[in-house]
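To start, the structure under review is shown below, and the notes come after it.
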Amino acid sequence: MGYEKIPLEHSVGRVLAEDIRSEVDIPPNDQALIDGYALKSEDSLKASLDNPVRLKVVGKLYPWNTPNDLNLGRGQTIYVTCEAPLPKGADAVIKVENTILHDDEIEIRHSIMKGENVALACEDFKKKEV
């Protein structure tokens with residue numbers, strides 16, 4: 001069988017004549033899936049209603065930033081918007097609505113699991129993958 005070129009809007013239900021490979025990693029780095037605060041999950045392990053944990057807010061990251069723009073230390077957090085890269089050292093994101101802001105600190109009242117609200121680098125496609 002041969003093939004034909006057609007406009008994209010007429011391609012529903014059709015089959016590609018050849019494989020298409022990704023030219024980039026998607027996502028290119030670990031990213032926040034929500035607006036919230038990036039943190040080290042281990043910093044939240046003892047957080048509860050009776051024992052809230054406070055973390056110092058040390059910056060903000062947006063989708064146009066790179067992961068190397070900020071590094072996260074123990075007891076610190078960084079505000080991130082949806083699709084912003086995770087800062088170095090962070091492994092989870094807590095939702096904004098699950099925090100209480102006190103000047104330059106947030107208070108959290110429950111623990112966050114490693115990987116929570118995070119899209120991992122290359123989770124959708126790796127470069128050169130079909």
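The values are calculated or read from the model by the stated rules, or taken from the named source; none is laboratory data. Model, not experiment: these values are computed from the prediction. Every residue, glycine among them, receives a Cβ derived from its backbone with ideal geometry; neighbour counts consider all protein chains shown.
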Of all residues being in a strand (DSSP E or B) and crowded, with 17+ Cβ neighbours inside 10 Å in segment 79-104, which is nearest to the chain's Cα centre (by Cα)? Just the residue, please.
Pro85
Subset of segment 67-83 that is at pLDDT below 95 and hydrophobic (A, V, I, L, M, F, W, C) - its residue that is farthest from Ser41 (Cα to Cα):
Leu70
Among the residues of segment 69-78, write down those that are within 14 Å of the chain's Cα centre (by Cα) and either outside any strand (DSSP E or B) or surrounded by fewer than 21 Cβ atoms within 10 Å (Cβ to Cβ) (or both).
none
Filtered residues of segment 1-36 (kept if hydrophobic (A, V, I, L, M, F, W, C) and within 20 Å of the chain's Cα centre (by Cα)):
Val24, Ile26, Ala32, Leu33, Ile34
When residues of segment 42-56 are filtered for being in contact (Cβ under 8 Å) with a residue 40 or more places away in the chain and either surrounded by 18 or more Cβ atoms within 10 Å (Cβ to Cβ) or of a type in the set (Phe, Trp, Tyr) (or both), how many remain?
4
Look through segment 59-68, keep the residues that are surrounded by 14 or more Cβ atoms within 10 Å (Cβ to Cβ) and either in contact (Cβ under 8 Å) with a residue 40 or more places away in the chain or closer than 16 Å to Ala121 by Cα (or both), and return whichever of them is farthest from the chain's Cα centre (by Cα).
Asn65
Residue check, Val93 against (1) out of contact with any Gly (no Cβ under 6 Å at 6 or more places or on another chain); (2) in contact (Cβ under 8 Å) with a residue 12 or more places away in the chain, all met but one. Which one?
(1)
Conditions (1) touching a strand residue (DSSP E or B) at 6+ places or on another chain (Cβ under 6 Å); (2) at pLDDT 95 or above; (3) among the polar types (S, T, N, Q); number of the one not met by Ser22
(2)
For segment 1-39, enumerate the residues that are farther than 30 Å from Pro87 by Cβ and either in contact with a His (Cβ under 6 Å, 6 or more places away or on another chain) or not in a loop (DSSP other than H, G, I, E, B) (or both).
Leu8, Glu9, His10
